[in-house]
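First comes the structure, then the notes that go with it.
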Amino acid sequence: MSIEENKNIVRRIFDDAFNLGNTSFMNDAIAQNYIDHSPIPAPVPGPEGFAKRAVALSTAFVEEAVFGEFLAEGDLVAFTWIFHGTHKDTFAGVPATGKKVTLSGINIERLQDGKIVEHWSQFDLAGLMKQINSN
């Protein structure tokens, strides 16, 4: 796959999952042996785990996902993101508060044969928890 094709796969999977609520593309874009290195890893391996985490985050608070530039080299694609929303479902054990929240981070995805095989994500979890726990 070309660098542009890899960028398009990553862009589509994240936009579909977080802005469209569509996880049907997961089986086509996430490898069964997918490895998740994020601070809150997917609950189960492979495409199913990726989809479950996307749905859980969207249900808990993501109303809009804004993606920055998608940068790629070789088999890696990196991008920044910002989630905006309202804390409307339990997240990390905290029941819904109705508070407006913003969460930002950066992802790196490694692709092989047109599928994501590894995922790294860094984000401001402490800042998010402060937003939903503040008075």
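The values are calculated or read from the model by the stated rules, or taken from the named source; none is laboratory data. Remember, it's a predicted structure, so these values are computed and weren't measured experimentally. Backbone-built Cβ (ideal geometry, glycine too); neighbour counts: all protein chains shown.
Would it be correct to say that ASN19 is over 15 Å from ILE116 (Cα atoms), out of contact with any Cys (no Cβ under 6 Å at 6 or more places or on another chain) and touching a residue at least 40 places away in the same chain (Cβ under 8 Å)?
Details: over 15 Å from ILE116 (Cα atoms): yes; out of contact with any Cys (no Cβ under 6 Å at 6 or more places or on another chain): yes; touching a residue at least 40 places away in the same chain (Cβ under 8 Å): yes.
Taking the combined requirement at face value, the residue satisfies it.
ALA56: of a type in the set (A, V, I, L, M, F, W, C) and either more than 19 Å from LYS99 (Cα to Cα) or modelled with pLDDT of 90 or more (or both), yes or no? Before the answer, list the steps.
Numbers: of a type in the set (A, V, I, L, M, F, W, C): yes; either more than 19 Å from LYS99 (Cα to Cα) or modelled with pLDDT of 90 or more (or both): no.
Against the criterion (of a type in the set (A, V, I, L, M, F, W, C) and either more than 19 Å from LYS99 (Cα to Cα) or modelled with pLDDT of 90 or more (or both)), ALA56 does not qualify.
Take VAL66 and decide whether it is among the hydrophobic types (A, V, I, L, M, F, W, C), farther than 22 Å from ASN27 by Cβ, touching a residue at least 12 places away in the same chain (Cβ under 8 Å) and exposed (fewer than 15 other Cβ atoms within 10 Å of the Cβ). Even if it seems obvious, please write down each step before you answer.
Details: among the hydrophobic types (A, V, I, L, M, F, W, C): yes; farther than 22 Å from ASN27 by Cβ: yes; touching a residue at least 12 places away in the same chain (Cβ under 8 Å): yes; exposed (fewer than 15 other Cβ atoms within 10 Å of the Cβ): yes.
Yes: the conditions hold for VAL66.
Identify, from the list ALA42, ALA31, the residue that is at negative phi, part of a loop (DSSP other than H, G, I, E, B), surrounded by 17 or more Cβ atoms within 10 Å (Cβ to Cβ) and among the small types (Gly, Ala, Ser).
On the way: ALA31 fails: part of a loop (DSSP other than H, G, I, E, B).
Unique residue meeting the criteria: ALA42.
On the basis of being at pLDDT 95 or above and either surrounded by fewer than 17 Cβ atoms within 10 Å (Cβ to Cβ) or not aliphatic (A, V, I, L, M) (or both), does LEU76 make the cut?
Values: at pLDDT 95 or above: yes; either surrounded by fewer than 17 Cβ atoms within 10 Å (Cβ to Cβ) or not aliphatic (A, V, I, L, M) (or both): yes.
Judged against the criteria, LEU76 is a match.
For region 79-110, name all the residues that are more than 20 Å from PRO39 (Cα to Cα) and surrounded by 14 or more Cβ atoms within 10 Å (Cβ to Cβ).
GLY85, THR86, LYS88, ALA96, THR97, LYS99
So in region 9-26, with the set limited to residues that are loosely packed, with under 15 Cβ neighbours inside 10 Å and of a type outside the set (Lys, Arg), which one is farthest from TRP81 (Cα to Cα)? Steps first, please.
Restricting attention to region 9-26, the residues satisfying the condition of being loosely packed, with under 15 Cβ neighbours inside 10 Å are 11, 15, 20-21, 24.
Subsequent filtering for residues that are of a type outside the set (Lys, Arg) retains 15, 20-21, 24.
Values: ASP15: 11, LEU20: 15, GLY21: 16, SER24: 21 Å.
It comes out as SER24.
If you go through region 102-122 one residue at a time, how many are under 16 Å from SER58 (Cβ atoms) and in contact with a Leu (Cβ under 6 Å, 6 or more places away or on another chain)?
Total meeting the criteria: 1.
Could you list, in sequence order, the residues of region 59-88 that are within 20 Å of GLY114 (Cα to Cα), among the aromatic types (Phe, Trp, Tyr) and within 13 Å of the chain's Cα centre (by Cα)? Walk me through it before giving the result.
Step one: filter region 59-88 for residues within 20 Å of GLY114 (Cα to Cα), giving 69-79.
Among the residues that remain, those that are also among the aromatic types (Phe, Trp, Tyr) are: 70, 79.
Residue satisfying the conditions is PHE79 alone.
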